[in-house]
Amino acid sequence: MAIINYQLTTAQLNAVTVPATKQYAITNIMVCNTYDPTGASPDLHDATFTMHLIPDGDSLTNAVTTVIKVLSLPAGETFTFDSEKIVLGAGDMLSFTATSETPPGAGLTDLAVTVSYLEV
């Protein structure tokens, strides 16, 4: 089993791209708003994300590849996507776009993503 972690950005982030001749089963996806809810103005640190599953050879298209659309997470909250396994084939991608109400800068957001997957 493998675990990857990223800080979501305001640009498309391809969190998982399956290598040629491989298949991955995504077992769990967690997105956390890492801003401290007891910190200064937590209400100004809501953040949103959109998650895409993109087949090999395709590109991110909101009308086609969106799995979760503009889900808002308040400071300190975590969203978990783990009800079913998602099997990705060679070249398939798990991608995210995100926004923060008060971004930390440099295209970053207050959102961290953790993806757990197995090679099948």
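The values are calculated or read from the model by the stated rules, or taken from the named source; none is laboratory data. Computed from a predicted structure; not experimentally measured. Counting neighbours? That spans all protein chains shown, and the Cβs are built from the backbone with ideal geometry, glycine included.
Looking at region 101-113, which of the residues that are assigned to a strand (DSSP E or B) and surrounded by 16 or more Cβ atoms within 10 Å (Cβ to Cβ) is nearest to the chain's Cα centre (by Cα)? Break it down stepwise before answering.
Let us first name the residues in region 101-113 that are assigned to a strand (DSSP E or B), namely 105, 108-113.
Next, only the ones that are surrounded by 16 or more Cβ atoms within 10 Å (Cβ to Cβ) stay: 109-111, 113.
Numbers: THR109: 12, ASP110: 12, LEU111: 9, VAL113: 5 Å.
Filtering region 101-113 for residues that are assigned to a strand (DSSP E or B) and surrounded by 16 or more Cβ atoms within 10 Å (Cβ to Cβ), the one nearest to the chain's Cα centre (by Cα) comes out as VAL113.
Between a first residue in region 54-68 that is in a loop (DSSP other than H, G, I, E, B) and a second residue that is of a type in the set (Ser, Thr, Tyr), which pairs have beta carbons less than 6 Å apart while being 6 or more apart in sequence or on different chains?
LEU60/SER95
From the list ALA90, ALA98, ALA75, which residue is assigned to a strand (DSSP E or B) and either touching a Gly at 6+ places or on another chain (Cβ under 6 Å) or small (Gly, Ala, Ser) (or both)?
Numbers: ALA90 fails: assigned to a strand (DSSP E or B); ALA75 fails: assigned to a strand (DSSP E or B).
Answer to the selection: ALA98.
State yes or no: is GLU84 modelled with pLDDT under 95, over 16 Å from THR10 (Cα atoms) and among the charged types (D, E, K, R)?
Details: modelled with pLDDT under 95: yes; over 16 Å from THR10 (Cα atoms): yes; among the charged types (D, E, K, R): yes.
Criteria met by GLU84.
Based on this model, can you work out whether SER116 counts as out of contact with any Lys or Arg (no Cβ under 8 Å at 6 or more places or on another chain), at pLDDT 95 or above, part of a strand (DSSP E or B) and within 15 Å of ALA15 (Cα to Cα)?
On the way: out of contact with any Lys or Arg (no Cβ under 8 Å at 6 or more places or on another chain): yes; at pLDDT 95 or above: yes; part of a strand (DSSP E or B): yes; within 15 Å of ALA15 (Cα to Cα): yes.
Yes: the conditions hold for SER116.
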